[in-house]
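The block underneath contains the structure these notes are about, expressed in structure tokens.
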Amino acid sequence: MKYLIIKLISIVFTTACIAQQSKPIVPNVGNIVFNKEEIMVNEDVFQKSIDNFLQLVQHSAIDERRASGLETDSLWLAITKEDAKKSIISKDGHPVRQHHIFRDSLIVEFTTLDDKIIGDYTVINKLSGQTEMLAKKDSTTFYLKRPYAYSDIKIKYIKEFRNETRLIGGFKCFKIIYLCTEQTDFSEELNFYRELWVTDRILCQYHPIVKEKQILKKYYPLEVLEYSEMLKGIMIVSKLYSIHLK
């Protein structure tokens, strides 16, 4: 009888633990960090995409200079092309890390490269939906208070693949893909695709990588793969580096 009682207590305790683990987390304390880098898929295709992109940039820049009454020459064109190339190719191919630190109602967002902070901190107030910039130089000076800026890109469709699952950071994730479109200076409409591995066990409408509110209302991504129609042959991959949330 004593053994049966102990067994029943053990079963109840185990069931309670499982139920506790299955409850969604609303992060108030802890941090999450993603590695974000560009990965070459097809170098030949990528090089052709770069050439096409640079031509679009040059044509746009030439039109602007002519509209302003300025002349163009071969040196200016070469400099413009080189500047545009630098803007789309990662420095030394090093991954950057995107951070979110949770402190009750606040989230501190920042980016690091080689463990050095790039730019200033963004402090997000989850209750008010406002953000403020926090100066890196002294970590005390706040400036530029404004509403949090979600992405304004248009999502054409979202597809779920709940039968495809993976365990990421201890969370069971499933795959979704979605097609986005946005306006650019060089094209009327630019499409890009995202493949996300998401969990519904983390409830938070703010994310270090994904800024589409339509996505964050339903899912929390723990891995992101992005493909662009303009720059083919390369994908941007954001993978979970560390996660400690309560």
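The values are calculated or read from the model by the stated rules, or taken from the named source; none is laboratory data. Fair warning: this is a prediction, and the values are worked out from it, not measured in the lab. Ideal geometry is used to build each Cβ from the backbone, glycine not excepted, and the neighbour counts take in all protein chains shown. These accessible areas exclude ligands, DNA and RNA; they are computed on the full protein's heavy atoms, side chains included. Shrake-Rupley method; radii C 1.70, N 1.55, O 1.52, S 1.80 Å.
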Quiz item: Hey, which of these cross-link pairs are over 31 Å Cα-Cα: LYS23/LYS136; LYS48/LYS217; LYS211/LYS246; LYS36/LYS246?
Solution: LYS23/LYS136; LYS48/LYS217
Quiz item: Averaged per residue, what accessible surface does the stretch 137-186 expose to a 1.4 Å probe, in Å²?
Solution: 72
Self-check item: the stretch 104-246 - convex hull of alpha carbons, volume per residue in Å³
Solution: 151
Quiz item: Label point 7 Å out from TYR193 along Cα-to-Cβ: which residues of the stretch 213-238 have amide N under 17 Å?
Solution: 224-238
Quiz item: Which residues in the stretch 215-246 have a backbone N closer than 17 Å to a point placed 7 Å from the Cα of MET40 along the Cα-to-Cβ line?
Solution: 231-237
Exercise. Give, in nm to one decimal, the length gained when the segment between GLU164 and GLN47 is fully stretched (0.36 nm per residue of separation minus the Cα-Cα distance).
Key: 38.8 nm
